[in-house]
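Right, one structure below, let's go through it.
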């Protein structure tokens, strides 16, 4: 199709044809019947496809559409492979009839179509029996559609969907970063806590990150498989000759669990690193839209996953020695067996070699120096009685009075702060990684 600007067009599509619609666009059916990820739509139905999203549409009848968008973002799909997906759906149905509950774990690389496959399976199962209680355990803290970036979560589904964001979230666990690689223990703990809440769910789908192809990923995914003990593991990968390639991390489990290979679709809408970053930042913007800055005395709260408040103040003479040695003015400092923690106004001119000058006088295993500008924007998990209430961002810290200003939509009383390791700018753009 020729390139055009944003327009409104009327178009007729033939029965049994397939097209991919790339957002942003709006589609209205004036006559006919379509299927989107196994959910059916007929006359007068409307679909809104957002920017950086795409949906495959199967025309079950000759169908007339009114399309508002960009015409060259409507792409005809030559070959749609559905046989292995239909077989998977039938396998799940038969297992559900045999057993009370089943767990289906999805393993795949980035842009392999894990979430799309889950939606297709959910809709197929609900068409088979709309009384099924289906759950989604979303373990992707970077690109998960169910929960916020830096979290994982559990949701339940009772009607067909085309977007995971419409699923009701039942519980969340705070990880604190958008990747599991530096927070594997937090991820495993969060997984265990969420699995405790699946008692009433008949069919549980588990979506995972696209981190699959290095030794650390193998160890991480292996531990998750051992904890989850799935009834089915779905392996989404490319086909080589006549077989779908099995990820190396799954090879040890081939005689333990039922592993079903699914060929990666050629019609997945790939997302660049920048697109993924934009989607996360849009999620932050929506979440913090109506937030307020609240002040808490952090000595009255439990502080988790931080070096703060673990030690004792430096004696004045040693504090003066450090200031003279490094040429700095210390705002706050404390020392423990683990850490010498130093806070200054601006840390940008202090190097690792500078800190190493203190080593002969320091018995602590690490020396950490932070500027106030580094700490600002650090993401936090806010809790009351071990229950995650929501997220917050550090706005300011008053170390003299032990106060912390937190930007958050959370209204309830908090008793615990879990420190993350991702910082955001004032306009909610991703800034840097920081372990405070």
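The values are calculated or read from the model by the stated rules, or taken from the named source; none is laboratory data. This one's a predicted model, so the numbers in the text were calculated from it and none came from an experiment. Counting neighbours? That spans all protein chains shown, and the Cβs are built from the backbone with ideal geometry, glycine included.
Pairs please, first residue from the stretch 267-278 and exposed (fewer than 10 other Cβ atoms within 10 Å of the Cβ), second anywhere and modelled with pLDDT under 90, Cβ atoms under 6 Å, 6+ apart in sequence or on different chains. These pairs meet every condition: 270/111. Every condition in (1) at pLDDT below 95; (2) closer than 25 Å to residue 82 by Cα; (3) not in a helix (DSSP H, G or I) holds for residue 135 except the one numbered (1).
Taking every residue in the stretch 188-202 that is assigned by TED's automatic domain parsing to the domain that holds residue 96 and pairing it with any residue that is at pLDDT below 95 and part of a loop (DSSP other than H, G, I, E, B), at least 6 positions away or on another chain, the pairs with Cβ-Cβ distances below 8 Å are 200/133; 201/101; 201/133; 202/100; 202/101; 202/132; 202/133. Take residue 314 and decide whether it is in the same structural domain as residue 436 (by TED's automatic domain parsing), surrounded by 16 or more Cβ atoms within 10 Å (Cβ to Cβ) and over 34 Å from the mean Cα position of the chain (by Cα). The answer is yes for residue 314.
A single member of 48, 106 is part of a strand (DSSP E or B) and within 19 Å of residue 11 (Cα to Cα), and it is 48. For the stretch 189-200, taking the residues that are buried (at least 17 other Cβ atoms within 10 Å of the Cβ) and touching a helix residue (DSSP H, G or I) at 6+ places or on another chain (Cβ under 9 Å), the one that is farthest from residue 221 (Cα to Cα) is identified as 195.
Listed here are the strands (runs of 3 or more DSSP E) enclosed by the stretch 196-300 that have at least 1 residues being under 30 Å from residue 429 (Cβ atoms): 203-207, 292-297.
The single condition among (1) surrounded by 14 or more Cβ atoms within 10 Å (Cβ to Cβ); (2) at pLDDT below 90; (3) more than 23 Å from residue 305 (Cα to Cα) that residue 361 does not satisfy is (1).
Restricting the stretch 157-169 to residues that are outside any loop (DSSP other than H, G, I, E, B) and touching a helix residue (DSSP H, G or I) at 6+ places or on another chain (Cβ under 9 Å) leaves a set whose member that is nearest to residue 132 (Cα to Cα) is 157.
If the condition is being in contact with a strand residue (DSSP E or B) (Cβ under 7 Å, 6 or more places away or on another chain) and farther than 21 Å from residue 175 by Cα, then the stretch 127-143 contributes 132, 133, 134.
Condition check for residue 146 on (1) closer than 19 Å to residue 106 by Cβ; (2) in contact with a strand residue (DSSP E or B) (Cβ under 6 Å, 6 or more places away or on another chain); (3) at pLDDT 95 or above: one failure, at (3). Of 297, 309, 305, all but one fail to be assigned by TED's automatic domain parsing to the domain that holds residue 397, surrounded by fewer than 16 Cβ atoms within 10 Å (Cβ to Cβ) and touching a helix residue (DSSP H, G or I) at 6+ places or on another chain (Cβ under 9 Å); the exception is 309. Filtering the stretch 170-188 to residues that are part of a helix (DSSP H, G or I) and surrounded by fewer than 20 Cβ atoms within 10 Å (Cβ to Cβ) leaves 184, 185, 188.
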